[in-house]
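Throughout, read-outs are computed from the coordinates displayed, never taken from laboratory work. Everything numeric here is computed off the predicted structure, so don't read it as measured data. Please note: Cβ atoms are built from the backbone with ideal geometry, for glycine as well, and neighbour counts cover all protein chains shown.
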Amino acid sequence: MLAEGAALAQSDWLIATPSSAPPRTVALLLSDQLSYAPGGRVQITGLVRQRTAASLAMPAAATTCRLQLRTLNDTLLGPSTTCSINPATGALTGTLQLAPRLDPASYQIFAQIDDATFSLPIIVAASAPSDLTLSALVSDATSLELLVSRENLPAPGVPFSWQLQLKTVAPPALPPDFYTTTASPSPAVSIQGSSLSDEAGRLRVDIPPGSNAAAHSYHFSATTPDGPLSLSGLLSAGDPHVALRPASRIVASDQRNSVALLVRDGLGQPVANALINLEVYRVGSSGPALVNRRPRSDSSGQASVELVQLSPGAYEMVASAGGATTRMGLWVYGGTFSAWPTSRPDGLTLVTDRDHYAPGEEALLLIASPVRSGTLLLTTRSHGLPISQVRPFSAGQLIRIPITPDMAPGLVINASIASGDQVRSGTITIYVNLPILAPTLNLTSAERDLLPGGSTTLTLTTSGVAQAPFSTTLLALAPANAPPDGVAAQFAPRPPAPAWVATLPPTGGNSTPVPPAPPVGGQQVGAHINLSAASGTPMQQSGSLQLPDDVGSWRISGYALGDQLVSASTILTTSQPLHYRLSAPAYLAPSDRAQISLQLHNTSATSRTVAISLNANGMQLQPSQPIPSSLTLVPGATEQLHWQVRLQPDAASGQVQLRLRSAGLNEHESYTIARSAPAATGSSSSTSIGSGPLSLSLPASGDPSAPLQIALAPGYRAALAAQAEQLANKPNASVEAHAARAIIAARLASGLSGAARAPWEELAHASLAALDAAQNSDGGWGWWPNSPSQPFTSAFALEAQLTARAILNDPRPASLRASAYIGRVAASSEPDTQAYIAYVRTRAGHANPHIATLSSSDLAPDGLAFLAMSLPASQAAPLRTRLLAASTPVEATLQWSSDLARAMPHTPTSLTAVAIQAIRSANPAATQLPAAERALLGQWGRDGWGSPYEAARVALAMPMGSAAPSGGPTTLRLNSTDLFTSATAITTTRYFTIAASVLTKENQLQISATGNNPYMVASGYPQQPSAAPGQYALSQSLIDPTSGSPINPQTLQLDQIIAIRTTIIIAQTTPRASLSLHLPAGLTPLPLLSLADCPLPLAERDIDYPVCSTGFGTRPLPSRALPPFHLRESNTSGQITLDLAPLPPGIYSHTLLARASHRGHYHAPPSLLHIPYSHRAPLATATGIAVVIP
């Protein structure tokens, strides 16, 4: 404690909350990549230092370090991990594992290092490829406009489900002694939505109103039918703002003051020719401005004005240039003026003429006190002990403080004035800059424009220090338009924390108030890079730097850290001096004749000679005209070359190898052209049930080229296992498939234990998880995820949950939302569906006491069975009697069938299986069961049971023993050829395809088997589509998209847009159908836009429900609610499948837009309509589409 006299004392007691002291730890952090895929590993590299009195020192050996992933709004994501710091070099290394299901977006990694926190931005982007590309057309504070392209052409009508994240960009530091009002950084903003690209391929996202003063960066991520997309960049540079630098903040009343002005945007870039409005107001007065100046900024964003003489008092300078307003104080002293405003009764305002000084200068200090006289205790402190003096105080007095070198890097000035019985206090900090030669770092590159993925020699030169600290040098790569680097300001020397002056601790106060948490230190955008083969001297080092494979401009930044941080950057560009594009169909039919084209464009400033080589495998390749071995292209020239190709007869695919060689360019690309094939039609097979040896005579196929297909299952358990595996491997699975897979897997697991049970449990759990994810907000399920809920699929999914959870001992109760949904829709459903819903809700514990009234309805066999299993035994007995009466003996089997058209699947397999369940639940030893079970075995085919639902009903109907039965097939022989032979009976289903060339007119199949357990063998040939009319009809035509007139497919023009209309006639209620459309290889499907943009003939505009979505306009005629559909597309076969459900009777028309994209002659197989649950051959159009594009 220092004391002088009896009145004043300096102590550690505080009378005001101190401002936050800067943390002692500073760091420079870099990630190892510009973006990451979900599940990726982020490697962090950095340099850490601790501030001392006047320089930077190595961190302590026990410095703590932890990393944690957060959203831009600081939501924690997962646990934190430790990072390590080498105390000898300050080098930091750490790794953070990203979650596999992390959504593509912008994130930040928080690094807690000792007493400081740092935020490192990272981007997570989906790694799946997409044929689409995104580029920014316009970005500003109000909107972001993107261009969506496919193969360098605008892509209209692409549906996007997107997220846009906006983040404030911190501006770089101002030049010394300039001041601007700095607003608090706004929190990160996340916007989500769905949009379609317009007819020009543009996508516009409007930015919600907010503060435009700061610069903002953006990260746009989206999912499309083509795959995920993302794009990052700078949204806007922010509004212009004005910084002020008066010649002095303290002016005598008889002097004129001058003010320098600097106009910058949010990125710190100067704004030229900006009109600046500067006004001066007296503090506390509501009158008009006393001074008004309106200069314009010059090319460097600067201007200067001179003010008039002002009366003593406190003033405020207010400046703007069309953006945020800057306010800065100005103090005018004179005579004994003491009417200074004060923010608190016991406070003083301390003002210096500026903030920064050099040794040898004087700092002018004005104490703006509302008292005329008193006793002043003035204390100054740098990094040593405070120095105090007591002196008389009088109003208007200026105090001069000589600046000495030992005051660097700053000085804290405290003042306390005693006047009468009142004490007033205040503090201020000034910066002292030593006139030393600061080190510099320069980056130079041997080349500034390189090929993508190219390498250049980068040289780092340090000057101004005795020895370059290259052991602590980092290099970073970032896009040239990335936000500016402001990390260097964190390493600048800081004055000491303010000391505080008081005579006594405040009444009821705390002698050690806790300062607010220090701010989070932002880190730059960039990836850590290394120079390879680096060499040189301590002052200069060179090495090879490889640039990214993408075209663009890149900012290379270097950082050298010793006693100070020095940095430098340079911009390098990667561009393709020769742009080329090989245009070829993705697939070809055997009879197609296509043209592939190579376009070359010289984008460089010099002529280029290009050597060209094109070879083909599995294809016949002929040039359309003589092709030179090399071409010379003058700057800006474009050349096109063409070849005619067709697949060789026996080739499964074709491959084209292109090689281009030029100065600095050696490109070798390979393109695969698939062989298109008709959609799978299934097999038309017959099934035999054997036990012991079996001999079969197989009929010949009506198609002499058709292969023979055979499946052999050693029992129904093996057959169900094979079907479950098929469902598990099926992409884009329906809700029906997920539910059936859960039931089958759980039933297979029910009789097993240990290692044999584990894989089926795992599959059942995965299926239940898929069902949970597909459940809609109303509690129900549609036929496919994200489709409208349907009564049957919802009841089936809930039954799957109940069955699987019971077997897996899952304690979770049945979904109340699902039970409530099917309960709500039951009354509007047909009787059999009502009975099924009653059965499922009874299992879920929500029985309907009035369901017995349904027994008087016209129920199909499954309706009778489900209702019987929902009622007490006495009420169920008459229903089981009716059920048995509805059975039909067929040879040695007993089965059930129905001709009723229902929204539920009604097949002999599903009806027989449900009947078995109902009979077994009442009498497990019923005499009808063996014959009915044998009927289920006979309904199995080479592709399994007819649908996922049917397979699930079989799994529920058949008993599951503790293990697979012993005995079974050991040999399968066709004619004189063994297809397989085994010493022991097989336990899994085997499949065989025998080429037509090895078949005879009379084919004998012989099976050897041990034991008497039944097994199944199915044999047949690929099912042939049918064009015969019946309950369904299918037709297809090419029309003009604007007029609806027929188009001649033999005279299409390149890039012509056509419409392919497919019409379906449905004569009976159909639960589900799949439409497989085959496009010729020369046509590329185009997405549509919206109802207003649907290219429908005007004559058909009176339809109530036209819808265009993801490439299809689906319109039932006459007017009817549109059935939900699910789209599946194959880019390598030209097949687009549209799954529809449910389908009431009516006429449905589907319109697809396509572009004539490749010259040639093309043929597509007929389009097919598959009707599940009907066990009929697919319906085919009379012919496929054939087009000629000359």
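Overview of values
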quantity	calculated
Ranked packing of 938-946, 309-317, 114-122, most packed first, by mean Cβ within 10 Å	938-946, 114-122, 309-317
Rg(Cα)/(2.2 N^0.38 Å) for the stretch 132-234, N = residue count	1.27
Pair Arg296, Ala99: separation of 7 Å Cα→Cβ label points (nm)	5.6
The stretch 331-454: C-alpha gyration tensor shape, a/c 1.5 cut-off, then a/b vs b/c	prolate
Per residue convex hull volume, Cα atoms of the stretch 717-963, in Å³	124
Packing-based exposure ordering (other Cβ within 10 Å, fewest first) of Ser607, Ser856	Ser856, Ser607
Antiparallel content of DSSP bridges confined to the chain, in %, to 5	95
Rounded to whole Å, sorted largest first: equivalent-ellipsoid semi-axes of the stretch 578-675, Cα gyration tensor	28, 12, 11
Length gained when the stretch Asp703-Ala663 is fully extended (0.36 nm per residue, less Cα-Cα span)	8.7 nm
The stretch 919-1054 shape via C-alpha gyration tensor axes, a/c threshold 1.5	oblate
Cα Rg, Dmax (largest Cα-Cα span) when computed across the stretch 239-334, Å	13.3, 41
The stretch 884-932-the stretch 1028-1076 distance, computed between alpha-carbon centres (Å)	40
Protection proxy ranking of 154-163, 973-982 - average other beta-carbon atoms within 10 Å, highest first	154-163, 973-982
Inverse mean reciprocal Cα-Cα distance (Kirkwood Rh) of the stretch 702-836, Å	16.1
Amide H within-cut-off set for Gln895, under 5 Å, with H built and near neighbours excluded	Thr888, Val890
Whole-angstrom gap from the stretch 356-423 to the stretch 102-174, using each part's C-alpha centre	51
Over the chain: helical MRE at 222 nm, DSSP H runs n ≥ 4 each giving -39500 (n - 2.57), nearest 500	-4000 deg cm²/dmol
Other-chain or far-sequence residues with amide H under 5 Å of Gln255's (modelled H)	Leu310
Calculated Rg and Dmax of the chain using C-alpha coordinates, Å	40.5, 127
DSSP H segments from the chain that extend 27 Å or more along their own axis, Cα-based, with Kyte-Doolittle mean of 0.5 or above	none
Ranked packing of 919-932, 645-658, 233-246, most packed first, by mean Cβ within 10 Å	233-246, 645-658, 919-932
Residue-by-residue Karplus 3J(HN,Hα) for the stretch 974-979, coefficients 6.51, -1.76, 1.60, Hz, glycine and proline x	10, 6, 10, 10, 7, 7
Whole-Hz couplings from phi, Karplus 6.51/-1.76/1.60, listed for the stretch 367-377; x for Gly and Pro	9, 7, 10, x, 10, 7, 8, x, 10, 9, 9
Footprinting exposure proxy for His1170, His668, His765 (fewest neighbouring C-beta atoms within 10 Å first)	His668, His765, His1170
Per-residue HN-Hα couplings for the stretch 105-112 [Karplus 6.51, -1.76, 1.60; θ = phi - 60°; Hz; x = Gly/Pro]	4, 8, 9, 9, 9, 7, 10, 9
Leu348 long-range amide H proximity, modeled H, under 5 Å	Ser425, Gly426
